[in-house]
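*Asks:* First, the structure itself, so that you have it in front of you.
Just so you know, all these numbers are worked out from the coordinates, no wet-lab data involved. This is a predicted model, so every value here is computed, not measured. Ideal geometry is used to build each Cβ from the backbone, glycine not excepted, and the neighbour counts take in all protein chains shown.
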Amino acid sequence: MLISQEFPYSNPNAEAITYMKTNAPTFYASYMSFAGTNPSDAFLANAKPIVDVGNATTLYDSLWTDFKAK
């Protein structure tokens, strides 16, 4: 639970979520309603999946690094 309080990331640990629900209901409600960790179904319906670009990852990384340097 403490890591969920300090870092606003989605927590994949189901036991931690259950613990929060039981032992910190106010925080649990806040965590569950925060769109950054629990996006709505409407948001997810419009989201685009991340596609593995395979060996092109090196090219993308190089282009992005050059772009940031300018």
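*Asks:* Among the candidates SER10, SER4, which residue alone is out of contact with any Gly (no Cβ under 6 Å at 6 or more places or on another chain) and outside any helix (DSSP H, G or I)?
*Replies:* Details: SER4 fails: outside any helix (DSSP H, G or I).
Only one candidate qualifies: SER10.
*Asks:* Could you list, in sequence order, the residues of segment 25-59 that are under 15 Å from PHE7 (Cα atoms) and surrounded by 10 or more Cβ atoms within 10 Å (Cβ to Cβ)?
*Replies:* Let us first name the residues in segment 25-59 that are under 15 Å from PHE7 (Cα atoms), namely 27-28, 30-32, 34-38.
Within segment 25-59, PHE27, TYR28, SER30, TYR31, MET32, PHE34, THR37, ASN38 meet the criteria.
*Asks:* Something else about it: Condition check: of a type in the set (D, E, K, R) and either surrounded by 10 or more Cβ atoms within 10 Å (Cβ to Cβ) or closer than 16 Å to SER4 by Cβ (or both). Does LYS21 satisfy that? I'd like the intermediate steps shown before the answer.
*Replies:* Working: of a type in the set (D, E, K, R): yes; either surrounded by 10 or more Cβ atoms within 10 Å (Cβ to Cβ) or closer than 16 Å to SER4 by Cβ (or both): yes.
Yes, satisfied.
*Asks:* Tally the residues that are of a type in the set (Val, Ile, Thr), assigned to a loop (DSSP other than H, G, I, E, B) and over 17 Å from the mean Cα position of the chain (by Cα), restricting the search to segment 44-68. If you could, list the steps in order and put the result at the bottom.
*Replies:* Of the residues in segment 44-68, the ones of a type in the set (Val, Ile, Thr) are 50-51, 53, 57-58, 65.
Next, only the ones that are assigned to a loop (DSSP other than H, G, I, E, B) stay: 50-51, 53.
This time we only want the ones that are over 17 Å from the mean Cα position of the chain (by Cα), so: 53.
Qualifying residue count for the region: 1.
*Asks:* Among all residue pairs at least 6 apart or on different chains, which show Cβ distances below 6 Å where the first residue, located in segment 37-61, is in contact (Cβ under 8 Å) with a residue 12 or more places away in the chain and the second is part of a helix (DSSP H, G or I) and among the hydrophobic types (A, V, I, L, M, F, W, C)?
*Replies:* Going by the 6 Å Cβ cut-off, the qualifying pairs are ASN38/MET32.
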